[in-house]
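Readers should treat all values here as calculations from the given coordinates under stated rules, not as data from a laboratory. Quick caveat: nothing in here was measured; it's all calculated off a predicted structure. Note: ideal-geometry Cβ built from the backbone for every residue, glycine included; neighbour counts use all protein chains shown.
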């Protein structure tokens with residue numbers, strides 16, 4: 001089993017890139033908090049994996065669904081459902097002719113939504129809109 005699945009912690013950026021390059025599928029099985037308070041807010045690791053060309057399976061928790069296009073740039077499953085993760089892995093493996101499309105969609109999604117320039121432009125627009133709204137509300 002170790003030749004197929006491995007777990008890593010405390011990796012350098014260089015080692016992480018090497019692992020991403022050697023992998024095909026990235027799984028982020030975050031859990032909804034029992035108290036409803038602590039949940040994954042975004043999952044930057046998802047964007048890193050997608051940008052590296054990995055096919056992502058993640059759970060529908062916290063902000064994760066807002067970070068991917070389910071079925072196009074990644075695949076979402078319910079949390080606490082190992083069978084759903086297993087089924088999705090099998091489905092991906094059984095459809096290798098679609099891997100290139102999924103990898104391309106994932107990379108494009110990250111570039112179009114999370115690139116530093118894209119985020120900077122959105123942030124500047126938020127500032128401009130806020131300033132304009134403030135100025136309108138305080139005129140005269």
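For 61, 72, 130, what ranking results if the residue with the fewest other Cβ atoms within 10 Å of its Cβ goes first?
On the way: 61 21, 72 13, 130 10.
With the fewest neighbours first, 61, 72, 130 line up as 130, 72, 61.
On a 0 to 90 degree scale, rounded to 10, what angle separates helix 116-137 from the longest Cα axis of the chain?
For helix 116-137, the angle is close to 30 degrees.
For the chain, set up a GNM with springs between Cα atoms under 10 Å and report which of 129, 69, 94 has the largest fluctuation.
Result: 129 has the largest fluctuation of those listed.
Please give the contour-minus-distance gain from residue 70 to residue 87: 0.36 nm per residue of separation, less the Cα-Cα distance, rounded to one decimal in nm.
Working: separation 17, 0.36 × 17 = 6.12 nm, distance 1.57 nm.
Between residue 70 and residue 87, full extension yields an extra 4.6 nm.
Could you point to the label whose value was computed as volume of the Cα convex hull per residue in Å³ for the structure here, given (i) 96; (ii) 156; (iii) 117?
Working out volume of the Cα convex hull per residue in Å³ from the coordinates points to (ii).
Treat each spin label as a single point 7 Å out from the Cα along the C-beta direction, and report the residue 80 to residue 128 distance in nm.
Label-label distance for residue 80 and residue 128, simple model: 4.6 nm.
Between residue 108 and residue 15, what is the label-to-label distance in nm when each label sits 7 Å out along the Cα-to-Cβ direction?
Placing both labels 7 Å along Cα→Cβ, they lie 3.6 nm apart.
Neighbouring Cβ atoms within 10 Å as the yardstick, rank 26, 7, 134 fewest first.
Details: 26 21, 7 5, 134 10.
If I rank by nearby Cβ atoms, fewest first, I get 7, 134, 26.
Extension gain residue 60-residue 118, at 0.36 nm per residue separation less the Cα-Cα distance, in nm?
On the way: separation 58, 0.36 × 58 = 20.88 nm, distance 2.48 nm.
Stretched out fully, the residue 60 to residue 118 stretch lengthens by 18.4 nm.
If a paramagnetic tag sat 7 Å from the Cα of residue 4 along the Cα-Cβ line, which residues of the stretch 71-111 would have the backbone N under 14 Å from that point?
Inside the label zone: 86-94.
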